[in-house]
Each structure stands twice: as C-alpha cells, then as structure tokens.
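Student: There's a structure below that I have some questions on.
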Amino acid sequence: MIVEANPAARDLVGDAASPVGQPLGALPYLERALAPLLARAGNGTGALADDIVVGSPERHYEVRRVPLALGARAAGQLLLFRDITNRKLAEERLEASVSALAAARERAESLLAAEQSARRELNQFLSMAAHEFKTPLAVIDSAAQMLLFKAEKTAPDFLPRLETIRQAVRRQVAVIETCLADERLNDEGLRLREEPVALSDLLENAAAFHRLHAPDHDIVLTSDPGPPPALVGDPALLAMALDNLLSNAVKYSPAGTTVAVHCGYGADGVQITVRDSGVGIAEDEIGRIFDRYFRASNAGTASGSGVGLNVVRRIARLHGGDVRVTSTLGLGSSFTLLLPAVLAEAA
C-alpha cells in the first residue's frame, strides 16, 4: 500500500487521482518496472539501487530502495526515484560516437592499406618506366655527342642544335631522377645508406658537372681553410641535393653570371651555400619555396616540376640538418644546405 508520495512521484505516476492509498499493483507499469529490484531485495534489510524505465516517452530513473523498520519489525520501504534520462541519452550518444569512430578508423586503415599497396605498385612502375626512359635517352645523348665531335670539323653550324638536344636529354634525366628520389623519400621504411662521404669529392664532382653542361655560367667553388672533413651519410642523396641547388642556380640566373659555391665546416657540421645572381624570389613566396610542387610566380617558362627543392629539404632533414634560403627579388638567391651530421675523421 502506498502511504505517501511527493509531487514529483505523483507526476511520475501520471494518474489524475493520487496514488496514496493504492496498492502498488494498481500501477501495473510501475510494478513491472520495479519487479526486478523488489525481487532482488527479498527479505533483506540493506539498501538497493537499480535503473528502471517507466513512462512514455521512456524516462530512465535510478531507484533506491531503503527498508523502513520500527525496532525489529519491518514497517515498509522507501523508494527514491532520481531522473537520469539525460545521463542515459548522453551515454547512448557517446556509445554511438565511439562506434562511429571505430568504424571510421577501420575504413581509414583499409584505405591506408590500399593507398600503401597502390604506392608500392606506383614505385615499381616508376622504376620500370625510369629504366625504359633512361636507356633511349642515353642512346640519344651518346649519338648527339658523337655528332658533336664530327660537326666540330664538318658542320659547325649544327653545334648549337646538337647541344640543345643534349641539354634536353639531361633535363629529362634530371626530372626522372628527382621523381624517383621523391618517391623513395616518401617511403616510410626508408633508411639512409650511411657511409663515409668525401666532402671535397662531392663538391668538385658537382661543380665539374655543371661547368661542363652550363659553360655560359662561371661556377666558382671555395671552402674554409684547412682539410675538409668526411661526412657520414648517403652519398647519392647528398649529391642529388647539391645538384638540385646548382641546377636551380644555373636555370634562374642569366648567362655570363657567377654561381658561387662555398663550403664551411666546423665542429657542429657542414654548411654548403649556393649563391646566384638570378631572378630572386618574392618575399611573400619565400616561406613556400620548399613546398612540394610549388613554383615561384616569376619562374617564367623555365622547366621544372616544383619537386626539387622539396627533395633537397627532405634529404637535409633525413641527415639531421636543414636547408635555408635568403633572396632579393631581381638580385639573386642564396641557399644553404646545413648538415650537422656526425663527422668522421678528416679525409
């Protein structure tokens, strides 16, 4: 028999008449909801709590049963209802969010696996394509070189055209090599081929190559006094980084100008600076010059993929270093390759 009900309890019952004086059985939906709690209570005297659903629309209540006694004799029980509907709804939303996140993570992992598989296939294709392209390009370059030797004596008027062919071939080979390096650097499992790198040989070879292929530029190589150190790093990647810096210096500076390469070194590593007197870079574009595929607005018709400088930066950072740039629009640029790598004994 219900002997007392506060206003909130009466609202919960929802009947027009007061529930006071009625047996619990007169409120069947409430009796069914409370049945598990009352069944577990049995004849015990301890307080029990449970979560029940009553009403329409559904409302969740945390119900606490407290036995009442007069001395040693049971006098009834007090049922305390606390509305936890909002908490329940929040828990359901949280559970739905967790499920959605788990599903999204599973989709992302599946897409990542597919992307990695596609990248591996792309790398294999690029390697195959590079070989297929480089072989005929080498044949063309060799044939052009032979024709140059003959033309020097028999047809000097053809010399500029043949040299143009060789330059075009070199540009295509450079693009292929840069793209292959770009893909290699994107490989998460990339490991540097660490071995001694003779710094003087690295610089001399790069300068000699560009003196040969850019005879209309003066490539000047200087270094700090004293014996140069031998770096520990990946010789092929370092050579590519230096080649990219020299190629850009030659490409974006007028014929007849000087490209200065200076190597400074000390206990903290190596600094290789390539300075040109070319078109320079706009101040608002310097911050993006190392971004992948970015090309300065004043690059004009000069060939390029916008990958080279990004490759240089990644190579430098793989070696624990970096690359910096200073530039004045219309006056030239200066790129410094910083290599604070472990220094071996002097070469």
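Where a number appears in this text, it was derived from the coordinates with a stated rule and is not lab data. If you're wondering where the values come from, they're calculated on a predicted model, not measured in any experiment. When we count neighbours, we look across all protein chains shown, and the Cβ atoms used for this are built from the backbone with ideal geometry, even at glycine.
Student: For S97 paired with R64, estimate the spin-label separation in nm (one decimal), with each label point 7 Å from Cα along the Cα-to-Cβ line.
Tutor: Computed distance between label sites S97 and R64 equals 2.8 nm.
Student: Order 74-80, 322-328 from most to least packed using the mean count of other Cβ atoms within 10 Å.
Tutor: 322-328, 74-80
Student: Can you compute the label reach from E194? Point 7 Å from Cα along the Cβ direction, backbone N cut-off under 16 Å, restricted to the stretch 212-236.
Tutor: Counting backbone N atoms under 16 Å from the label point, the list is 230-236.
Student: Under 16 Å Cα-Cα from K134, which lysines qualify once same-chain neighbours fewer than 8 residues away are excluded?
Tutor: K134 reaches no qualifying lysines.
Student: With r defined as the distance between the Cβ atoms of A114 and Q172 and R0 fixed at 41 Å, what FRET efficiency is calculated, to the nearest 0.05?
Tutor: 0.85
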